[in-house]
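Chemist: Dumping the structure here so I can ask a few things about it.
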Amino acid sequence: MLLHETLPWSDPVATARGIPASERCWALLHSSLRTPYTGRYSILALKPRREITGEDFEELEAAATDHRPPFENAWFGYLGYGLKHALECLPKDTPSKFPMPALWMVHYALILVFDHDLNKVDVWSEEREALRDIPHPVFRKKVKPPAIRGLGSNMDKAAYFAKVETIREAILRGDLSQANLTRKFQGEFAERADALALFETLCRLSPAPYSSFLKFGDVSVISSSPERFLALDAEGNADSRPIKGSAPRHPDNPAQDKATREELAGSEKDRAENLMIVDLMRNDFSRGCIPGSVRVDKLFEITSYATLHHLSSTILGKKHPEVSALEFIKNCFPPGSMTGTPKIEAMKLCTTLEGEARGVYSGAIGWLGGDGSADFAVVIRTLITDGLRFEFQVGGAIVADSTAKSEWQETLVKARALAATLGINMEELEGI
């Protein structure tokens with residue numbers, strides 16, 4: 001039975017700063033932006049008891065349960081894009097220069113749940129001794145961006161333009177309707193960077209409801225994602241909110257910002273992109289939902305963040321009681337907004353074009369509760385560090401009426417907050 005205590009409010013990021021450097025594995029799922037549907041809670045998970053890494057779901061399926069209290073046998077971490085190979089017969093990926101397991105999920109003995117509405121912290125622990133390890137909050141000033149060297153990409157502008165045209169030709173042949181083409185940026189720090197400070201900077205520059213910091217030894221996964229992949233509650237209510245369609249913010253020019261927002265809302269191209277993924281997610285939901293329960297709750301809703309306006313939709317359903325939470329997630333994985341449609345054809349084509357495995361990017365970050373609940377975000381707006389090395393990735397949906405120039409510009413807009421976090425100017429990024 002889990003021990004439970006309630007503590008006075010403390011800031012989740014400040015509390016994370018108090019974690020000793022000797023702690024090699026911990027997770028912070030941080031709501032750095034409140035929305036009408038999520039953002040009330042942040043969760044800090046400490047004291048790992050068991051780690052599961054691998055290239056398929058098998059070990060996690062054996063370990064996960066749907067019949068306990070939510071924080072008893074809960075698992076935190078990521079499901080990387082490479083798990084697609086455990087679900088479908090697809091071409092092999094070219095190995096990443098930044099190799100990580102396709103799946104990394106951890107069961108922790110100490111969990112702190114920060115309630116941003118009631119200003120309290122609920123602590124759940126497997127053993128009383130672990131309660132002594134609750135970190136004391138540490139406050140500090142902003143940290144300067146790290147010095148960067150050796151910045152590069154797996155795809156220059158000419159190559160990207162050519163790959164967009166290859167996708168358009170495949171669409172015109174009738175092979176598929178949409179494909180999400182992505183490109184990587186990689187580089188090195190001049191000296192070891194403070195990964196948690198980078199996370200704080202990213203959350204300040206680009207707050208989002210699904211911010212997360214995962215530490216696995218020397219590897220840190222730093223994310224500020226606006227997109228919910230999939231949420232389930234203990235009663236089986238399912239919720240997905242795919243994003244497709246983006247436009248840059250203009251915070252210094254309110255009139256232009258409003259015009260851009262309205263243009264996105266009325267864009268036939270962006271609405272078509274979004275509708276394709278809505279149909280894909282409805283189909284994915286139907287594989288594990290009670291027949292007749294799947295519905296579109298919101299269609300073509302504009303959601304605005306620090307650097308981007310997005311077009312998003314909401315799909316709801318009721319999970320069949322004989323389908324486990326993890327099985328339901330597998331039915332929907334990888335997130336349709338990161339593949340294209342039809343999903344398998346889009347994944348096949350992007351594998352051949354991108355030239356390097358995506359890794360964590362395009363997968364999902366979040367947690368599985370012991371009671372069958374789950375909440376995972378799509379891995380976008382994400383930086384990964386390992387010692388002196390780092391990488392991040394951006395992408396966008398290519399459809400029949402896409403133009404290579406506009407899609408290229410969209411990738412740069414999506415990279416803006418990550419580049420600023422690293423102190424990289426946009427002119428340098430565009431010239432790679």
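Chemist: Scan region 84-103 for residues that are surrounded by 13 or more Cβ atoms within 10 Å (Cβ to Cβ), over 27 Å from residue 328 (Cα atoms) and not polar (S, T, N, Q) and jot them down.
Modeler: 97, 98
Chemist: So which residues in region 274-306 are at pLDDT below 95 and part of a helix (DSSP H, G or I)?
Modeler: Once the filter is applied, which keeps residues that are at pLDDT below 95 and part of a helix (DSSP H, G or I), region 274-306 yields nothing.
Chemist: Say whether the condition of being closer than 30 Å to residue 91 by Cβ and more than 20 Å from the chain's Cα centre (by Cα) is met by at least one residue in region 320-329.
Modeler: Scanning region 320-329 turns up at least one residue that is closer than 30 Å to residue 91 by Cβ and more than 20 Å from the chain's Cα centre (by Cα).
Chemist: Taking residue 422, is it crowded, with 17+ Cβ neighbours inside 10 Å and more than 20 Å from the chain's Cα centre (by Cα)?
Modeler: So residue 422 does not fit the description; no.
Chemist: Moving on. Report every pair of residues separated by at least 6 positions or lying on different chains whose Cβ atoms are under 6 Å apart, first residue within region 97-120 and assigned to a strand (DSSP E or B), second of a type in the set (Lys, Arg).
Modeler: From residues that are assigned to a strand (DSSP E or B), the pairs are 107/49; 107/50; 108/47; 109/47; 109/49; 110/47.
Chemist: If you don't mind, another one. Need the failing condition index for residue 158 against (1) assigned to a helix (DSSP H, G or I); (2) of a type in the set (A, V, I, L, M, F, W, C); (3) crowded, with 17+ Cβ neighbours inside 10 Å, just the number.
Modeler: For residue 158, the exception is condition (3).
Chemist: Could you check, for region 91-102, whether at least one of its residues is within 30 Å of residue 236 (Cβ to Cβ) and among the aromatic types (Phe, Trp, Tyr)?
Modeler: no
Chemist: Mind checking which residues of region 331-347 are buried (at least 20 other Cβ atoms within 10 Å of the Cβ) and either assigned to a helix (DSSP H, G or I) or modelled with pLDDT under 95 (or both)?
Modeler: Across region 331-347, the qualifying residues are 332, 336, 337, 338, 343, 346, 347.
Chemist: Could you list, in sequence order, all residues of region 382-409 that are assigned to a strand (DSSP E or B) and over 26 Å from residue 150 (Cβ atoms)?
Modeler: Answer for region 382-409, where residues must be assigned to a strand (DSSP E or B) and over 26 Å from residue 150 (Cβ atoms): 397, 398.
Chemist: If I filter region 1-20 down to residues being in contact with a strand residue (DSSP E or B) (Cβ under 9 Å, 6 or more places away or on another chain) and in a loop (DSSP other than H, G, I, E, B), which single residue comes out as farthest from residue 203 (Cα to Cα)?
Modeler: Applying the filter and picking the extreme gives 2.
Chemist: I've got another one for you. Give all pairs with beta carbons closer than 7 Å in which a residue from region 123-139 that is part of a loop (DSSP other than H, G, I, E, B) meets a residue that is among the hydroxyl-bearing types (Ser, Thr, Tyr); count only pairs at least 6 apart in sequence or on separate chains.
Modeler: From residues that are part of a loop (DSSP other than H, G, I, E, B), the pairs are 135/15; 137/10; 137/15.
Chemist: Considering each of 286, 304, 246, 313 in turn, give the residue that is more than 30 Å from residue 68 (Cα to Cα) and surrounded by fewer than 17 Cβ atoms within 10 Å (Cβ to Cβ).
Modeler: Testing whether each residue is more than 30 Å from residue 68 (Cα to Cα) and surrounded by fewer than 17 Cβ atoms within 10 Å (Cβ to Cβ) leaves just 304.
The values are calculated or read from the model by the stated rules, or taken from the named source; none is laboratory data. Computed from a predicted structure; not experimentally measured. Methodologically, a virtual Cβ is constructed for each residue, glycine included, from the backbone with ideal geometry; neighbour enumeration extends over all protein chains shown.
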